[in-house]
Structure formats: structure tokens, C-alpha cells
Amino acid sequence: MTDFYSLKAKAINGKEIEMSAYKGKVLLIVNTASKCGFTPQYEALQKLYEAYNPQGLEILGFPCDQFAHQEPHSDTEIQQFCSLNFGVTFQLFSKIDVNGENTHPIYQYLKQALSGILGSRIKWNFTKFLLAADGTPIKRFAPTTNPKDIAKYITPLLKTKPENPAP
């Protein structure tokens, strides 16, 4: 299997980011969409980020338009939407495919490492993957899983415990 840290992705601002930049960080990777019933999860993701980022959590958001055309916007529009409506400050990436022949390599890796209820396919927007600080995939979460419920899986992986845990 490919090493997660050998992968890269284009940030929403167009800059390429090597996943090796996240070595030593606990990662929560999420495929997102702006017009989905789960879109309000951006707010809970941001709260997780604010609570746990000082202890080593990074959240990586990957917009995707493969589910009922729920992310029709450009990268610039997505970034503005997330910032204005949810105060998102965690890293967003350029829109990608998470299923099919054009699946982004990061999602090829994640799906191979952690199959879900539908096998390796991503079921819907806001499927979440938790990776340990050494890059090991730990757990896959369904779109319906509220990000605040993931905190109990994040805290044991962090270097220190947060002073103000997410609500």
C-alpha cells in the first residue's frame, strides 16, 4: 500500500500540499459539499478544529460534487461559502472525485485502508476518516456521524489533552 505521506493534493487556493507536511498530526479527512443536508457539519468540524488543533489535530476538507450535484461551486466560491457561513479555518482542498475512475489518490488510499458498509465506495458527502499522527488510518465514520461524536476517538491520539474540549 502507498504511504499516506507520499501523497499530495491541491489546496483550494491552488497551491500543492504534500501530505508529509502533516507528519506528526492527527488527521480527520472529510469529503464535503455546500448544498447537502450534512453541510451544517462544517460548524461542528470547525469547533473540533478549534478545540484540538493546539494539541495536534488537522482537519482536511475535500469538496466533492459526485453526490446529487451538491457541490456545484468553484473553489473560490466554496472557500467564501465556508468562511462566511461557518467560519472555517481548517484546510480546504480543490474539488475532487472520491469514487470512480478519477478518484483522487488520497481517497484511493483511504478507501483501500478502511472499507465501509458499501465496500470501498464513499457512500455520500461528509464521510470522515481518522488517521493517527504516524499516518495510520484508524477509523472511518459515516456521513451521519456528528463530528462532535468523533472527539472521543481523537483525544487518545493527541499529544496532550485539550484545555477546552469541543462541546
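The values are calculated or read from the model by the stated rules, or taken from the named source; none is laboratory data. Computed from a prediction, not measured in an experiment: that's the story for all the values here. Every residue, glycine among them, receives a Cβ derived from its backbone with ideal geometry; neighbour counts consider all protein chains shown.
Name the residues in the stretch 55-81 that are of a type outside the set (Gly, Ala, Ser) and under 21 Å from Met19 (Cβ atoms), would you? Steps first, answer last, please.
Filtering the stretch 55-81 for residues of a type outside the set (Gly, Ala, Ser) gives 55, 57-60, 62-67, 69-73, 75-81.
Once the filter is applied, which keeps residues that are of a type outside the set (Gly, Ala, Ser) and under 21 Å from Met19 (Cβ atoms), the stretch 55-81 yields Gln55, Leu57, Glu58, Ile59, Leu60, Phe62, Pro63, Cys64, Asp75, Ile78, Gln79.
Among the numbered criteria (1) within 18 Å of Lys139 (Cα to Cα); (2) part of a loop (DSSP other than H, G, I, E, B), which single criterion is violated by Val88?
Answer for Val88: the failing condition is (1).
If I ask for residues that are under 15 Å from the mean Cα position of the chain (by Cα) and either among the hydrophobic types (A, V, I, L, M, F, W, C) or modelled with pLDDT of 90 or more (or both), which ones from the stretch 114-127 would you list?
Applying the first criterion (under 15 Å from the mean Cα position of the chain (by Cα)) to the stretch 114-127 yields 114, 122-127.
Matches in the stretch 114-127: Leu114, Ile122, Trp124, Asn125, Phe126, Thr127.
Being aromatic (Phe, Trp, Tyr) and in a loop (DSSP other than H, G, I, E, B) is the filter here, so list the residues in the stretch 27-57 that pass it.
Of the stretch 27-57, the ones aromatic (Phe, Trp, Tyr) are 38, 42, 49, 52.
Phe38, the sole residue that qualifies.
Does Ala44 fit the bill of being among the hydrophobic types (A, V, I, L, M, F, W, C), without any contact (Cβ under 8 Å) to a residue 12 or more places away in the chain and closer than 27 Å to Asp134 by Cβ?
Working: among the hydrophobic types (A, V, I, L, M, F, W, C): yes; without any contact (Cβ under 8 Å) to a residue 12 or more places away in the chain: no; closer than 27 Å to Asp134 by Cβ: yes.
No: the conditions fail for Ala44.
Considering every residue within the stretch 89-99, establish whether at least one is surrounded by fewer than 16 Cβ atoms within 10 Å (Cβ to Cβ) and at pLDDT below 95.
The answer is no; no qualifying residue exists.
How many of the residues in the stretch 14-26 are in a strand (DSSP E or B) and over 17 Å from Lys95 (Cα atoms)? Can you show your working first?
Initial filter on the stretch 14-26 (in a strand (DSSP E or B)): 16-18, 26.
In the following step, the residues that additionally are over 17 Å from Lys95 (Cα atoms) were identified as 26.
Total meeting the criteria: 1.
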